[in-house]
1. In the stretch 42-74, which residues are of a type outside the set (Lys, Arg) and buried (at least 19 other Cβ atoms within 10 Å of the Cβ)?
2. Restricted to the stretch 27-41, and to residues that are buried (at least 18 other Cβ atoms within 10 Å of the Cβ) and of a type outside the set (A, V, I, L, M), which residue is nearest to Tyr81 (Cα to Cα)?
3. Does the stretch 34-47 contain at least one residue that is over 20 Å from Arg112 (Cα atoms) and assigned to a helix (DSSP H, G or I)?
4. Tell me which residues, restricted to the stretch 54-111, are more than 18 Å from Glu43 (Cα to Cα) and assigned to a loop (DSSP other than H, G, I, E, B).
5. Restricted to the stretch 40-71, and to residues that are modelled with pLDDT under 90 and among the hydrophobic types (A, V, I, L, M, F, W, C), which residue is nearest to Pro101 (Cα to Cα)?
6. Any idea which of Ile80, Ile88 is among the aliphatic types (A, V, I, L, M), at pLDDT 75 or above and in contact with a helix residue (DSSP H, G or I) (Cβ under 7 Å, 6 or more places away or on another chain)?
Amino acid sequence: MRNKSLILSSLAAISLLAAGCAGTEEKLGRGLGNMTEIVTGGEFTRSIEQGGLFDGTDVGLGTGFVKGFDRTMARTGLGIYEVVTCPIPPYDPEWTDYLAPKPEYPDAYAPRKLSDSIFDTDHSLGFSGGDVAPWFPGSRFTIFDN
């Protein structure tokens, strides 16, 4: 009896994960990207920047700080939710009325690819460009930016 229930539960888990692999893959990737928002801080710096520009420096920076913290926590929570529920439909982005499906960055910064041998094809020199440390907020140093 134990063997039958183990086999049936294993088959159920495999069929759940195998059904709709493209949707599961997309939801898991989006969830991992959102879950790391607490480390990258894109929403946080964007909210401070937008608050300072549109509401003035006296009030805007304070409200931007609070709004950025709120949006960072919301995006991180959404990422954890999407990672946990990735094999379960629906696979469409959620909370799109409050958060954009992809992480946002300040208008003054657009992230680029890492300077790594995975992305760079110039192995004879050992480097060819890209962001050096994009996981640090405010890091805009690039090598050979064309």
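1. Gly42, Glu43, Phe44, Thr45, Ser47, Ile48, Glu49, Gly51, Gly60, Gly64, Gly68, Thr72
2. Within the stretch 27-41, the subset buried (at least 18 other Cβ atoms within 10 Å of the Cβ) is 27, 30-31, 34-35, 37, 40-41.
Keeping just the survivors that are of a type outside the set (A, V, I, L, M) gives 27, 30-31, 34, 37, 40-41.
Details: Lys27: 10, Arg30: 11, Gly31: 7, Asn34: 10, Glu37: 13, Thr40: 18, Gly41: 19 Å.
Among them, the one singled out is Gly31.
3. yes
4. Residues satisfying the conditions are Gly56, Thr85, Cys86, Pro87, Ile88, Pro89, Pro90, Tyr91, Asp92.
5. This residue is Phe44.
6. Just a single option satisfies the conditions, and that option is Ile80.
The values are calculated or read from the model by the stated rules, or taken from the named source; none is laboratory data. Since this is a predicted model, take the numbers as computed values, not measurements. Cβ coordinates were reconstructed from backbone atoms using ideal geometry, including for glycine residues, and neighbour counts include every protein chain displayed.
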